[in-house]
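Only one structure is covered here, and it is reproduced in the block below.
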Amino acid sequence: MQAIRSTFSSFLRRAVVVAGLAGAGVALAAEPIRIGEINSHNGLPAVGQAYRNGLALAMDEINAGGGVGGRPLTLVARDDEGDADQAARHARELVRDEQVVVLTGTMLSNVALAVAREAARGKTVFVVGDALSDAITLDRGNRYTFRVRPSTYMQAAMLAEQAARLPGRRWAVVAPNYEYGQSAVSSFKLLLKQARPDVEFVTDQWPALGKIKADDVVRALRQAKPDAIFNATFGHDLAQLVKAGNRQQLFATTRVYSMTSPDAQSLPLGEGDAIRDWIAVGYPWEQINTPEHQRFLEAYLKKFSQRPQLSAVFGYTTMMAIGAALKKADATDSEALVEALRGLKLDSPLGPIAFRTLDQQASMGAFVGLVSQQQGRSSISQWRYLGGADYMPDAAYVRSRRPAAAMK
C-alpha cells in the first residue's frame, strides 16, 4: 500500500510539473505584441487625439477577434513634442527597452524622417500614418519604412489637376518652411507646370511653422497680385492666415487651392473669418455612404461619442495594416514583416488599398471639393474621392529618387 501511495504521489508531482509547463506555454502564447507609437500628442492635440482614437479602435477590433496568433496587440506611446531629435531617441528606446516590434505614428514630416532613419539603422518596421513628405518614401526612403496616407506628390497631383483648369496664369504659394511644406510646393509646381507650361509663380511665402506673421504674409501675397494661391499651411498658421486674409480682403478675388482644409474641431474661427469655396483636400465624414465607412463611423461614434477627423481614418487604417501584416507574416521579425507589407492589400474606411512594393506607399486616396467654414461650421461640397493609385508617381520617377538599397 505504501508503494502504491508513493507511486501515486510521484505521478501527481509529475502531473503538476507538466501542467505548470503547459500553463507557461499558454502564458507565453498570450504575451502581447508591442507596437511603439511616436507622435505630437501635445503639439497637435486635436489631430493627434483623433489619430490615437483611430489606432485604439482598430486595436480593439483586432484584439476582439483573437489578436494575432492568439496574442493581443498593445500600444506603447511616446510624445515627440514636435522635436525630431526627441522622436529619434524615443524610437531607439522603444525598440531597445520596450521590445516593440513595429514603430508607427508621426505627424510632422521632419519627425517622421528622423524616426525612419532610426528604423533603418535598427532594422525595425516603421509604418507612417500621417506625415506627408515625399522624402519619406522617395529620397530618404528605406527598406523598413512604409506609409498609409497619400503623399505630398499624390495630393499635389490631385490639386494640380484642378488648378490646371483655371484660366489665370499667376500663382502664389504659402507653406510652412520645413520638410512637408517644401515637399508640397515642389511637387505642386512640378505637376502644374507639366500640365500648364504657361503658368508663373509670382511669389513664395515661407512662414516658420507655428510662427506665421500672417499680416505680413498676406500683404506680400496681395502685392504680387496672383490669380490663385496654393496653400500648405495648417492648424494655427492656417487660422491666422484666414483671419489676416479676410481683414485685407485677399480672398475676395483670389482662388485658393489648399492641401489642408479648415475643420471646426481643430481650426476655431470667428464669425468674420469665413472661408468660402476653397478647392481643398477635405473629409465629408457625414456624406460618405459606403458600407466600409459607415461601419467605421458607427464604431467610432459609439466608442468616442464624437465625430471623427481624417487623422482618425489614418490611425485606424495604419493599425489595421500592422495587424494584417503580422497575420500574413505569422512572425514578428522585421524581415518577414517587410515582405508581408510589400504588396499587402486590405480594406480601409475609404475602400480597398494596397502597399506598392516599389516605394512602399499605400494607394489610399483623398477627397477633393469646395471647402467652406462659417460661424464655426465647416462643410465640403461638390467633392470627389480620387483613388490614390491614379496619382502615384510613375515607376521611372520613383527610381530616379528612391535609393536602390530601399528597393531590395
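The numbers here are math on the coordinates, done by the rules we state, and not lab data. Note that the structure is predicted; figures quoted are calculated from it, not measured. Here Cβ is always computed from backbone atoms with ideal geometry, including for glycine, and neighbour counts include all displayed protein chains.
Just for the chain, what percent of DSSP beta bridges are antiparallel, to the closest 5?
So the antiparallel bridges amount to about 35 percent of the total.
Helix 45-64 sits at what angle to the longest principal axis of the chain, using alpha carbons and giving 0 to 90 degrees rounded to 10?
Tilt of helix 45-64: around 30 degrees.
So how do 102-115, 341-354, 306-319 stack up, highest first, on mean other-Cβ count within 10 Å? Please list the in-between numbers first.
Working: 102-115: 27.5, 341-354: 17.8, 306-319: 25.0.
Going by the mean number of other Cβ atoms within 10 Å, highest first, we get 102-115, 306-319, 341-354.
Run the simple label-point estimate for Ala354 and Gln287 please: 7 Å along Cα→C-beta, distance reported in nm.
For the pair Ala354/Gln287, the computed spacing is 3.0 nm.
Just need the relative contact order of the range 340-379 here, percent rounded to a whole number, with Cα pairs under 8 Å and 6+ apart.
25 percent
Reachable lysines from Lys225, Cα under 23 Å, same-chain residues fewer than 8 places away excluded?
Reachable lysines: Lys189, Lys193, Lys213, Lys243.
Relative contact order for the range 309-377: what percent, with Cα pairs under 8 Å and sequence separation of 6 or more? List each step's numbers first, then the result.
Values: 54 pairs, mean separation 12.6, N = 69.
Contact order relative to length: 18 percent.
Mind checking the dipole of the range 154-282: about its Cα centre, +1 per Lys or Arg Cβ, -1 per Asp or Glu Cβ, Debye to the nearest 20?
The calculated dipole for the range 154-282 is roughly 360 debye.
Which order results if Lys123, Lys328 are arranged by neighbouring Cβ count within 10 Å, fewest first?
Sorted ascending by nearby Cβ count, the order is Lys123, Lys328.
Evaluate the charge dipole of the range 75-201 about its Cα centre and quote only its size in Debye, nearest 20, assuming +1 on the Cβ of each Lys and Arg and -1 on the Cβ of each Asp and Glu.
The dipole of the range 75-201 has a size of about 540 debye.
Please arrange Ser305, Ser378 by counting, for each residue, the other beta carbons lying within 10 Å of its beta carbon, fewest first.
Ser305, Ser378
Neighbour counts of other C-beta atoms within 10 Å: give me Val338, Val398 arranged from fewest to most.
Val338, Val398
Step by step: find N for the range 154-282, compute 2.2 N^0.38 Å, then divide the Cα radius of gyration by it. What's the final number?
Computed over Cα atoms of the range 154-282, the ratio equals 0.96.
For the chain, what is the relative contact order in percent, using Cα pairs closer than 8 Å and at least 6 residues apart in sequence?
18 percent
Over the alpha carbons of the range 121-179, what is the largest minus smallest coordinate on each principal axis, giving the biggest first in Å?
Extents along the principal axes: 50, 22, 17 Å.
Under the Kirkwood approximation applied to all pairs of distinct alpha-carbon atoms, what is the hydrodynamic radius of the chain in Å?
Averaging 1/r across every pair of different Cα atoms and inverting gives 22.5 Å.
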